[in-house]
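See below for the structure under consideration.
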Amino acid sequence: MNKKTVISMVVLTMMSALPTWAWKGDIVVSTPKTSLVLHANEGGSLRFSYFGEKLTSNEISQLKGTSMDLNQAAYPAFGQHDMLDLPAIQVLHADGQWTLYPTVDDVTTQTEGNATVTTITMTDKQYPVTLKVFYKAYSTVDMIETWTEITHREKKAITLKRYDSGHLAIPQGNLYMIHMHGNWNSETYPTCEPINPGLKVIRNTDGVRNAHNDAPEMMLSLDGKPQENKGRVIGAALCWSGNYELRVNNSSDNRYAHFYAGIDPQTTEYILEPKEVFTTPKLAFTLSNEGMSGVSRNFHRWARYEGWLHQGDQTRKILLNSWEGVYFDINEEGMFQMMEDIKSMGGELFVMDDGWFGDKYQRNDDVTTLGDWMVDKKKLPNGVASLVRKAKSLGIEFGIWIEPESSNTKSEFFEKHPDWVLQEKNRDLKLGRGGTQMLLDLCNPKVQDFVFRVVDDLMTENPEIYYIKWDANCALQNFGSNYLPANKQSHLYIEYHRGLIKTLQRIRAKYPKLVIQCCSSGGGRVNYGLLPYFEEFWTSDNNDPYQRVFIQWGTSYFFPSNAMAQHIAHSPYWNTGRTTPIKYRTDVAMSGRLGMELQPRKMTDEEREQSRRAINDYKPLRELIQLGNLYRLISPYDNEGIASLMYTNDAQSKAVLFAYRVQYLYNMKTPRIHLAGLDATKNYRLRELNVKVGSEPSPLNNKVFSGKLLMEQGLYLPLLKDYNSCVFELTAE
């Protein structure tokens, strides 16, 4: 049972002559290797003192009265502090007053599983507004989550103008920021830049897909231009699926920079009724002195084992998805054939994508039928059940595609429920994909029920469905809800996602073992707001292996490999025209959750054999690749001609190394690859995996090297042609 106790840290003083609300002391939030130190003076605001490597009690006391104590507002409120320091919270009171002066009343701690939650309660002494700032620190990984609850007892509603999830103060130095930029087919390209004077804002306002354009994660390097495996780096991720704003303020003081993260306030003023509690999304953050890869490993472990990826400690199956093989050309015979093909190559799961549904309107393109989730009996006369039975007879699993949050203007759903889509009063509908697509109004509980039933009906009728691909291809373009009252239309960007999460929670409560992929025009919804309800995400609609090296690299900064769907595709690839060898395609796909997305009947004998070989070699190392510790070694963005990464297990007894040629000119220098994460005292035997069909293994095959040599001297891999690649297993002896 959880026990709530008043916190007792380094200094905790209660003066009997003071009012009972006065609180004074230090608040220490600890992970295995880091400390976050806060403090409050009597009747004062919450102050941010330190975030860094773990301190002793004596070291914390040494901070006092020195420049090492940052002494910055921990959750800056509008009006309480010099406005050169941007606020994290801003409210409009019922009487028109804009300021807020929260002071610390109480501090408690509570144990929750592998974490300790510190709750700091603050109130404004003139206005009955209460803030609770939470810090959840894990004992198993160097991760902290912070969030805020806001409530009040004013006579009328107040308006939340800004309500950030959290704020960090950072000592000035040679600071750099790394944020993710990209779009459809070109997700998560890291942008690295110095933190120069001024205010930097990263914002996403799509409304539904908050990882396209800019993503809600950021790294902050404290020791100059960031490196992969050394140097102090902070990583932060806003765990929210809607619009957001990240701010780095370096304009107020040459001694400090400030990082803020929260829901984008531009179009989301929130009307907070008396006694209502508003809870911000969580901001997760970490510090590693092992560079950007160290930050990544912390996020990966937290996601897998602390509930931020559904069934995160499990490996995923090898699948074939029908989409790029047949697109909308779904029929029973074709699906049976694709199942037989993936089974013959060693696959374990077949997923039927778009095009299987519709009665009055047949789904043969992207302009009709969304919302009409009944089987198209012309395409599948024996229904989904016959496909499930076929998969079972082959010893594989079956999955299916849905896009339950959208409808088309040409659909039975829209004809019956025109008021169930988002729409602006007295204005024409703005239409998305195909010129006909609209978002459903998930603010409405009846619509939430409908979306739940899309999954529930499928699973009730076909309980042996193993996997669902949940797609979302539409931005929030119509700013209006028939369900929300007129004075709360500004809640739309919040209530849509609250409705979505309520629906997903219902699905997970009833179907906890169902594997669900989060797809959104590729990687448009790769965020920790939704991943607690999904096992994996579709990394990008771009399956070109060369560009996937870059996309997967950036995605790995915050997200673990067992969540990253990576598929072997056909060549030449449709959106780049690039022709790549099958070995390169398989090697790139093997570094995450391996799958295929093509028409097997169009594969050559060589492509089939190489794919079969890749799948066979992948299976024994699946756990290591999907659940192992990632070390990024040479970045494709560093213009050294190759990219390389590796995974190790916790015992440092096993590793797998991937290397890809990403640029080649004759006589171009090829760098040595310095491995990482090994035991310097152990010897490791190398074995080449997925050897090219018709070729002999590398001369390095079966060689033995010490961990020290592999890390210090490094390996030279003769990747001397365009699209050369290799994969090696390392086993300690």
Can you name every residue in region 670-684 that is more than 25 Å from Asn724 (Cα to Cα) and outside any loop (DSSP other than H, G, I, E, B)? Asn683
Please indicate, with yes or no, whether at least one residue in region 587-598 is outside any strand (DSSP E or B), more than 20 Å from the chain's Cα centre (by Cα), surrounded by fewer than 23 Cβ atoms within 10 Å (Cβ to Cβ) and not charged (D, E, K, R). no
With respect to Met590, determine if the residue is modelled with pLDDT of 95 or more, aliphatic (A, V, I, L, M) and touching a helix residue (DSSP H, G or I) at 6+ places or on another chain (Cβ under 7 Å). yes
Please determine whether any residue of region 353-362 is among the polar types (S, T, N, Q) and part of a loop (DSSP other than H, G, I, E, B). yes
Could you tell me whether Gln566 is outside any loop (DSSP other than H, G, I, E, B) and farther than 27 Å from Ala284 by Cα? no
So for region 609-630 (the condition being in a strand (DSSP E or B), touching a residue at least 24 places away in the same chain (Cβ under 8 Å) and of a type in the set (Phe, Trp, Tyr)), does at least one residue qualify? no
Working only within region 258-309, note down all residues that are of a type in the set (Gly, Ala, Ser) and either part of a strand (DSSP E or B) or at pLDDT below 95 (or both). Ala261, Gly262, Ala284, Ser288
Qualifying positions in region 481-506 - closer than 14 Å to Val451 by Cβ and crowded, with 21+ Cβ neighbours inside 10 Å: Tyr496, His497, Gly499, Leu500, Thr503, Leu504
Criterion first (buried (at least 21 other Cβ atoms within 10 Å of the Cβ), touching an Asp or Glu at 6+ places or on another chain (Cβ under 7 Å) and not β-branched (Val, Ile, Thr)) does Arg661 satisfy it? yes
So, Lys379, is that one touching a residue at least 24 places away in the same chain (Cβ under 8 Å), among the charged types (D, E, K, R) and not in a loop (DSSP other than H, G, I, E, B) or not? no
When region 137-152 is checked residue by residue, the ones that are surrounded by fewer than 21 Cβ atoms within 10 Å (Cβ to Cβ) and in contact with a Phe, Trp or Tyr (Cβ under 9 Å, 6 or more places away or on another chain) are Thr140, Trp147, Glu149, Thr151
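To keep it simple, each residue is scored yes or no on (1) in the same structural domain as Thr31 (by TED's automatic domain parsing); (2) touching a His at 6+ places or on another chain (Cβ under 6 Å); (3) in a strand (DSSP E or B); (4) crowded, with 22+ Cβ neighbours inside 10 Å.
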residue	(1), (2), (3), (4)
Glu154	yes, no, no, no
Tyr163	yes, no, yes, yes
His167	yes, no, yes, yes
Met180	yes, no, yes, yes
Met218	yes, yes, yes, yes
Ala237	yes, no, yes, yes
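The values are calculated or read from the model by the stated rules, or taken from the named source; none is laboratory data. In this text, all values refer to a predicted model and were calculated from it rather than measured experimentally. Heads up, the Cβs are rebuilt from the backbone with ideal geometry, glycines too, and the neighbour counts pull from every protein chain shown.
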